[in-house]
Amino acid sequence: MLCPGQQNPGDSASRGEQIFAQRCSKCHGEHGEGISGVISIAGPSLKAEHDFGKVLTAVEVGPSHMPSFVYSLSIDDMRTVSHYVTDKIADIPLEEGDIGHGGDLFRMYCASCHRTAVRGGALAYDGSNAPSLVGKSPELIAGAVRWGPGPMPSFPSSVLDDKQLSSLVTYIRAVQNPAKPGGIALNWYGPVVEGCVAWIAVLGLVGFTIWIEKGGKG
Amino acid sequence: MKEPDQGDRVSETGGVDRPATFAPSRKQVGKTATVPGSLLALGVLLWEWATKVVRSQSHPPRPDSANPIAGCAECAEKAKRGAKPSEVLEVEPVSHEQIGTFLVVCAFLVALAGGIGFLITYWTGGSNLLLGATVALFFGGLGMALILWSHLLTLNRQVEEPREQMQPPPHEREAAVEDFQAGANQVHRRGLLKWMIAGASGTFAAMFLTMFRSLGQSPDSTIYSTVWKRGQRLMTSEGKPVSVNMLVPGSTVIVFPEDSIGSEKAQTVLLRVDEALLQLPSDRTGWAPNGNLAFSRVCTHAGCAVGMYETTTHQLMCPCHQSTFDVLRGAVPSGGPADRALPQLPLYADADGVLRAGGGFSDIPGPGYWGMP
């Protein structure tokens with residue numbers, strides 16, 4: 001028990017399961033599937049968390065609303081539960097997908113709420129909104145697609161298979177921080193907003209020109 | 001580099017300089033009928049016209065020698081007799097007139113060629129590049145013609161007439177009549193130009209009207225229905241049939257009729273809710289096997305794709321104008337501008353558990369228009 005390296009894997013897994021049930025499942029769900037409640041007080045799905053380093057860091061640091069476990073778990077326990085997450089819970093394979101197909105899927109199923117530029121938008125009722133996907137990790141996004149946190153519909157593997165999900169995530173990652181050839185992106189609100197800003201700027205210039213023509217007075 | 005020459009010539013010939021300056025270019029026009037030749041002549045003429053305008057602004061013509069009508073002996077005489085400048089209005093010399101007319105006609109011909117080229121290109125299904133180029137040629141020629149007309153053939157100077165005695169002397173009245181006749185003759189001579197502008201206007205009207213063809217076929221009665229028929233399997237956009245348990249409650253997928261995958265108007269949102277929550281109208285019992293509901297995905301307000309689904313409140317929502325539809329009660333509008341329910345597609349599961357359409361939509365799918373709210 002003192003050194004996890006000496007335990008057999010089965011013990012380690014059961015110990016990890018035990019810690020997970022005690023410490024993690026209230027927010028992340030019994031099987032790490034996430035809780036489809038209001039996302040701000042519930043944990044996201046862990047079904048795509050394959051990276052041991054990331055999981056261990058999260059357990060130690062406590063990103064966002066998650067508490068840090070450095071004072072309540074030993075280092076060995078933190079490692080054990082992180083291994084449990086990456087080995088036993090994470091079952092969504094994420095690989096490099098087809099970005100074009102992912103874009104098609106995104107526009108079909110996601111863009112209505114999250115906007116084509118993945119910057120999020122308002123929803124219908126109760127003041128909720130679809131969050132921006134900028135800065136969200138691929139694992140978080142993949143888990144959310146499968147389980148549908150909050151008002152979001154879920155997309156089980158019968159609707160989007162693993163390959164399609166990978167393509168979707170690949171597209172989202174590409175759009176999270178695209179190049180800005182025009183300089184100011186205006187939050188990627190699109191051509192209508194850009195045109196409006198251009199009109200206002202041009203009208204301002206016209207007014208300035210008229211003012212100069214009058215001799216700069218009144 | 002021609003300017004010093006012409007400046008000299010002005011001083012030699014006094015005010016009557018236009019026939020002298022236009023003579024060479026006229027020869028050139030007559031000599032070369034080829035396109036480069038005409039372009040060269042056009043360039044030379046424009047250059048000479050520009051220099052003339054510059055000169056006339058810096059050295060206004062002296063009153064007693066202001067351009068008489070060439071070939072009009074009386075006018076010349078009258079000018080010698082010392083007529084006031086107002087009487088001898090600037091009627092352009094014939095040579096200038098002819099060259100101007102020639103240029104304007106050329107420009108109109110360019111415009112007509114462009115317009116007719118557009119029509120030919122359009123009706124033979126040519127490329128957009130050609131369409132754009134011919135339209136540009138048409139408007140360019142038309143604009144050039146009108147500019148040349150106004151600059152070369154109409155009086156291009158502000159004319160001031162000092163107040164005179166009420167009854168002018170008889171010779172002035174005669175001169176006025178002659179001037180009027182000369183002007184009338186000039187108008188008469190522009191019959192060709194009138195035909196040209198009429199032709200250009202007619203061509204433009206034909207170009208404008210012919211583009212209505214691109215609005216496409218008349219929709220006829222196809223707007224009242226879709227291709228959904230009883231017995232058709234529901235298919236995803238990838239052509240997978242949808243089984244009754246493919247969705248879990250709270251998930252959604254876009255489906256099409258099995259023989260029209262990708263049809264915009266027949267696109268349908270399939271979603272699954274907990275069966276116990278359903279409050280469908282009584283005449284729709286059995287339309288939602290295992291809580292699978294199918295609605296037209298085309299918003300009844302303006303035809304956007306109703307893409308948003310809030311699983312917590314069971315509302316379908318259109319991202320364009322925020323029309324919301326209550327899924328549990330058969331997608332009746334619960335907010336926003338739409339006032340017609342999303343048409344529902346009756347569903348049934350066959351023996352293999354595959355979802356099939358039980359008929360067409362419950363209502364006319366698609367946005368409202370002048371015949372339908």
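The values are calculated or read from the model by the stated rules, or taken from the named source; none is laboratory data. Computed from a predicted model, the values in this text were never measured in an experiment. Positions of Cβ are backbone-derived with ideal geometry, glycine not excepted, and every protein chain shown enters the neighbour counts.
When the stretch B:120-176 is examined, which residues are found to be more than 27 Å from B:Q98 (Cα to Cα), touching a residue at least 24 places away in the same chain (Cβ under 8 Å) and part of a helix (DSSP H, G or I)?
Scanning the stretch B:120-176 gives B:Y122, B:W123, B:V135, B:H171, B:E172.
Yes/no per residue for (1) surrounded by 17 or more Cβ atoms within 10 Å (Cβ to Cβ); (2) within 17 Å of the chain's Cα centre (by Cα); (3) under 30 Å from A:D11 (Cα atoms):
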| position | (1), (2), (3) |
| --- | --- |
| A:L94 | yes, yes, yes |
| A:D98 | no, no, no |
| A:P131 | yes, yes, no |
| A:F155 | yes, yes, no |
| A:N177 | no, yes, no |
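Counting just the residues of the stretch B:261-288 that are under 50 Å from the mean Cα position of the chain (by Cα) and of a type in the set (V, I, T), which one comes out surrounded by the fewest Cβ atoms within 10 Å (Cβ to Cβ)?
Top of the filtered list is B:I261.
If B:P343 passes every condition in (1) within 14 Å of chain A (Cβ to nearest Cβ); (2) at pLDDT 90 or above; (3) under 41 Å from the mean Cα position of the chain (by Cα) but one, which one does it miss?
(1)
When you scan the stretch B:361-372, do you find a residue that is of a type in the set (G, A, S), at negative phi and within 14 Å of chain A (Cβ to nearest Cβ), even just one?
Kept after step one, since they are of a type in the set (G, A, S), are these residues of the stretch B:361-372: B:362, B:366, B:368, B:371.
Cutting the leftovers down to at negative phi gives us B:362, B:368, B:371.
Of the ones still in play, those that are also within 14 Å of chain A (Cβ to nearest Cβ) are none.
No: the stretch B:361-372 contains no residue that is of a type in the set (G, A, S), at negative phi and within 14 Å of chain A (Cβ to nearest Cβ).
Can you go through A:H114, A:H28 and tell me which one is within 24 Å of B:T313 (Cα to Cα), crowded, with 18+ Cβ neighbours inside 10 Å and within 14 Å of chain B (Cβ to nearest Cβ)? Quick ask: steps written out before the conclusion?
Values: A:H28 fails: within 14 Å of chain B (Cβ to nearest Cβ).
Only one candidate qualifies: A:H114.
Can you give me the number of residues within the stretch B:199-223 that are surrounded by 14 or more Cβ atoms within 10 Å (Cβ to Cβ) and either at pLDDT below 90 or within 14 Å of another protein chain (Cβ to nearest Cβ) (or both)?
Total meeting the criteria: 1.
With the stretch B:304-373 as the region, which strands (runs of 3 or more DSSP E) entirely inside it contain at least 1 residues that are among the charged types (D, E, K, R) and more than 18 Å from B:L278 (Cα to Cα)?
Working: elements: B:308-310, B:315-317, B:324-326, B:332-335, B:347-349, B:355-357.
Output list reads B:355-357.
For B:L109, all conditions in the list (1) among the hydrophobic types (A, V, I, L, M, F, W, C); (2) under 16 Å from the mean Cα position of the chain (by Cα); (3) modelled with pLDDT of 90 or more hold save one; what is the number of the exception?
Of the numbered conditions (1) among the hydrophobic types (A, V, I, L, M, F, W, C); (2) under 16 Å from the mean Cα position of the chain (by Cα); (3) modelled with pLDDT of 90 or more, the odd one out for B:L109 is (2).
Looking at (1) more than 14 Å from every other protein chain (Cβ to nearest Cβ); (2) out of contact with any helix residue (DSSP H, G or I) (no Cβ under 8 Å at 6 or more places or on another chain); (3) among the hydrophobic types (A, V, I, L, M, F, W, C), can you tell me which one A:M78 breaks?
Among (1) more than 14 Å from every other protein chain (Cβ to nearest Cβ); (2) out of contact with any helix residue (DSSP H, G or I) (no Cβ under 8 Å at 6 or more places or on another chain); (3) among the hydrophobic types (A, V, I, L, M, F, W, C), the lone unmet condition for A:M78 is (2).
Do we have A:S166 as touching a residue at least 24 places away in the same chain (Cβ under 8 Å) and outside the structural domain of A:W188 (by TED's automatic domain parsing) here? Working first, answer last.
Working: touching a residue at least 24 places away in the same chain (Cβ under 8 Å): yes; outside the structural domain of A:W188 (by TED's automatic domain parsing): yes.
Against the criterion (touching a residue at least 24 places away in the same chain (Cβ under 8 Å) and outside the structural domain of A:W188 (by TED's automatic domain parsing)), A:S166 qualifies.
Restricting the stretch B:289-307 to residues that are of a type in the set (A, V, I, L, M, F, W, C) and surrounded by fewer than 23 Cβ atoms within 10 Å (Cβ to Cβ), which is nearest to the other protein chains (Cβ to nearest Cβ)? Reasoning before the result, please.
Step one: of the stretch B:289-307, the residues of a type in the set (A, V, I, L, M, F, W, C) are B:293-295, B:298-299, B:302, B:304-306.
Within this subset, residues satisfying the condition of being surrounded by fewer than 23 Cβ atoms within 10 Å (Cβ to Cβ) are B:302, B:304-305.
On the way: B:A302: 14, B:C304: 9, B:A305: 7 Å.
Within the stretch B:289-307, the match that is nearest to the other protein chains (Cβ to nearest Cβ) is B:A305.
Among the residues that make up the stretch B:224-231, is at least one of them in a helix (DSSP H, G or I) and either more than 14 Å from chain A (Cβ to nearest Cβ) or closer than 30 Å to B:V354 by Cα (or both)? Please lay out each step first, then the result.
Applying the first criterion (in a helix (DSSP H, G or I)) to the stretch B:224-231 yields B:224.
Imposing the further condition that a residue be either more than 14 Å from chain A (Cβ to nearest Cβ) or closer than 30 Å to B:V354 by Cα (or both) reduces the set to B:224.
Scanning the stretch B:224-231, I find at least one residue that is in a helix (DSSP H, G or I) and either more than 14 Å from chain A (Cβ to nearest Cβ) or closer than 30 Å to B:V354 by Cα (or both), so the answer is yes.
From the residues in the stretch B:237-249 that are under 49 Å from the mean Cα position of the chain (by Cα) and touching a residue at least 60 places away in the same chain (Cβ under 8 Å), which one is farthest from the other protein chains (Cβ to nearest Cβ)?
Restricting to residues being under 49 Å from the mean Cα position of the chain (by Cα) and touching a residue at least 60 places away in the same chain (Cβ under 8 Å), the top hit is B:P241.
In this structure, does A:G190 turn out to be modelled with pLDDT of 90 or more and more than 30 Å from B:L247 (Cβ to Cβ)? Before you say what the answer is, go through the steps one by one.
Details: modelled with pLDDT of 90 or more: no; more than 30 Å from B:L247 (Cβ to Cβ): yes.
No.
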